[in-house]
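*Asks:* Below: one structure in structure tokens.
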Amino acid sequence: MSRFGLVKGGSLPQSLVRAMNREMGRAMHRYGMLSDGDRVAVGMSGGKDSLALMWFLSMRLAHIPVKYSLVGIHIDPGFTPATATPLARFCEESGWPLRVERTDYGRVAHGEANRENPCFLCARLRRKRLFELAEEECCNKVALGHHKDDLIETLFLNMCYAGEIATMRPKQEFFGGKITVVRPLAYIEERTIIRFARLAGLPEIVNHCPSAGVSKRKEIKTLLGQLYAGNPKVKGNIFRSMSNARPDYLL
């Protein structure tokens, strides 16, 4: 294993790295995500998105004047087998600091008393603990691996199931500005991250959640996939619409 988690002898195209780094830099610059001296807690689920996020944030430190420090935080939801062990091994090999918090949030959320919406409760508990651990680690920023497709899907989830037009913001302050959440991958498509993860040799850490693949988000993803297949411009138009609202034409 070489620096930044790349498998030796891998065939990672530098054109792909440059393109992703450019889009990440564009989002970070537009929203002023990171500043000199920031300490950043990177939420690491073990999936391709969070691993790619940590890879690029680590890589950028050697090439940009803004200096920040990183610590990965993994909230283990308590499923068996645990995701923490392979993730911790990979982070150690890559030279990335990682703090692991073992919980029973996943099992509690899927208990008999909460059958209707286990994902909401599990996500809320994990997010709350992530903020607490970020504070313990003296972090003023929390970086999450949400990408362009996540933002679009969240827009449709909120319209269909919450009755509101809203999505995740690339930068958002919490607790009066004490913690700021940033999403540096906001301009990068999921398919690009999938390609990067494969070519970079990032590990495939299995999600053992019983709700994986059967959530409302999965339904929305399938619906959007059908729209994209019919017209390749649809995804870009939807994404641009989130910063081009016309209040005079809303109820």
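*Asks:* What are the pairs, 6+ residues apart or on separate chains, where a residue within the range 139-165 that is part of a loop (DSSP other than H, G, I, E, B) has its Cβ under 9 Å from a residue that is of a type in the set (F, W, Y)?
*Replies:* If the second residue must be of a type in the set (F, W, Y), the pairs left are H147/Y187.
*Asks:* Need at least 3 residues that are within 30 Å of I75 (Cα to Cα) per element, so show me which helices (runs of 4 or more DSSP H) inside the range 178-251 make the cut, counting only ones lying wholly within it. Even if it seems obvious, please write down each step before you answer.
*Replies:* On the way: elements: 190-200, 216-230, 234-241.
Correct list: 190-200, 216-230.
*Asks:* For the range 110-119, state whether one or more residues are hydrophobic (A, V, I, L, M, F, W, C), closer than 24 Å to A52 by Cβ and modelled with pLDDT under 95. Reasoning before the result, please.
*Replies:* Initially, the range 110-119 is screened for residues hydrophobic (A, V, I, L, M, F, W, C), giving 113, 119.
Right, trim to closer than 24 Å to A52 by Cβ and you get 119.
Now drop any that are not modelled with pLDDT under 95, which leaves 119.
Within the range 110-119, one or more residues are hydrophobic (A, V, I, L, M, F, W, C), closer than 24 Å to A52 by Cβ and modelled with pLDDT under 95.
*Asks:* Ok, one more. Quick one: in the range 224-248, which of the residues that are touching a residue at least 12 places away in the same chain (Cβ under 8 Å) and either surrounded by 13 or more Cβ atoms within 10 Å (Cβ to Cβ) or basic (K, R) (or both) is farthest from A27 (Cα to Cα)? I'd like the intermediate steps shown before the answer.
*Replies:* In the first step, residues of the range 224-248 are kept if they are touching a residue at least 12 places away in the same chain (Cβ under 8 Å); the result is 224, 235, 238-239, 242, 245.
Applying the additional criterion that residues be either surrounded by 13 or more Cβ atoms within 10 Å (Cβ to Cβ) or basic (K, R) (or both) yields 224, 235, 238-239, 242.
Working: L224: 23, K235: 17, I238: 17, F239: 13, M242: 15 Å.
Selected residue: L224.
*Asks:* Given the criterion at pLDDT 95 or above, surrounded by 13 or more Cβ atoms within 10 Å (Cβ to Cβ), in contact with a helix residue (DSSP H, G or I) (Cβ under 9 Å, 6 or more places away or on another chain) and over 21 Å from E93 (Cβ atoms), identify the matching residue among M24, M59.
*Replies:* Values: M59 fails: over 21 Å from E93 (Cβ atoms).
Being at pLDDT 95 or above, surrounded by 13 or more Cβ atoms within 10 Å (Cβ to Cβ), in contact with a helix residue (DSSP H, G or I) (Cβ under 9 Å, 6 or more places away or on another chain) and over 21 Å from E93 (Cβ atoms) holds for just one of M24, M59, which is M24.
*Asks:* Test L121 against the criterion of being over 17 Å from the mean Cα position of the chain (by Cα), assigned to a helix (DSSP H, G or I) and not aromatic (F, W, Y), and give yes or no.
*Replies:* So L121 passes the test.
*Asks:* For the range 92-117, name all the residues that are within 15 Å of M44 (Cα to Cα) and either aliphatic (A, V, I, L, M) or in contact with a helix residue (DSSP H, G or I) (Cβ under 8 Å, 6 or more places away or on another chain) (or both). Spell out how you get there, then give the answer.
*Replies:* Of the range 92-117, the ones within 15 Å of M44 (Cα to Cα) are 92, 94-103.
Selection gives S94, G95, W96, P97, L98, R99, V100, E101, R102, T103.
*Asks:* Please identify the pairs in which a residue from the range 188-214 that is under 18 Å from A82 (Cα atoms) has its Cβ atom under 7 Å from the Cβ atom of a residue that is assigned to a helix (DSSP H, G or I) and aromatic (F, W, Y), counting only partners at least 6 apart or on another chain.
*Replies:* Correct list of pairs: P203/F90.
*Asks:* So T83 ticks every box in (1) surrounded by 17 or more Cβ atoms within 10 Å (Cβ to Cβ); (2) β-branched (V, I, T); (3) farther than 22 Å from E190 by Cβ; (4) in contact (Cβ under 8 Å) with a residue 40 or more places away in the chain but one. Which box is left unticked?
*Replies:* The number of the failed condition is (3).
*Asks:* What single numbered condition from (1) of a type outside the set (V, I, T); (2) part of a loop (DSSP other than H, G, I, E, B); (3) within 21 Å of E204 (Cβ to Cβ) fails to hold for S35?
*Replies:* Exception for S35: condition (3).
*Asks:* Quick check, is E153 surrounded by fewer than 22 Cβ atoms within 10 Å (Cβ to Cβ), of a type in the set (D, E, K, R), over 18 Å from G72 (Cβ atoms) and touching a helix residue (DSSP H, G or I) at 6+ places or on another chain (Cβ under 7 Å)? Talk me through it step by step, then tell me what you get.
*Replies:* Working: surrounded by fewer than 22 Cβ atoms within 10 Å (Cβ to Cβ): no; of a type in the set (D, E, K, R): yes; over 18 Å from G72 (Cβ atoms): yes; touching a helix residue (DSSP H, G or I) at 6+ places or on another chain (Cβ under 7 Å): yes.
Spelling it out, it is not the case that E153 is surrounded by fewer than 22 Cβ atoms within 10 Å (Cβ to Cβ), of a type in the set (D, E, K, R), over 18 Å from G72 (Cβ atoms) and touching a helix residue (DSSP H, G or I) at 6+ places or on another chain (Cβ under 7 Å).
*Asks:* Something else now. Please enumerate the residues belonging to the range 204-214 that are more than 16 Å from the chain's Cα centre (by Cα) and surrounded by 15 or more Cβ atoms within 10 Å (Cβ to Cβ).
*Replies:* C209, S211
The values are calculated or read from the model by the stated rules, or taken from the named source; none is laboratory data. Owing to the predicted nature of the structure, the values given are computational and were not obtained by experimental measurement. Note that we place each Cβ from the backbone using ideal geometry, even for glycine, and neighbour counts take in every protein chain shown.
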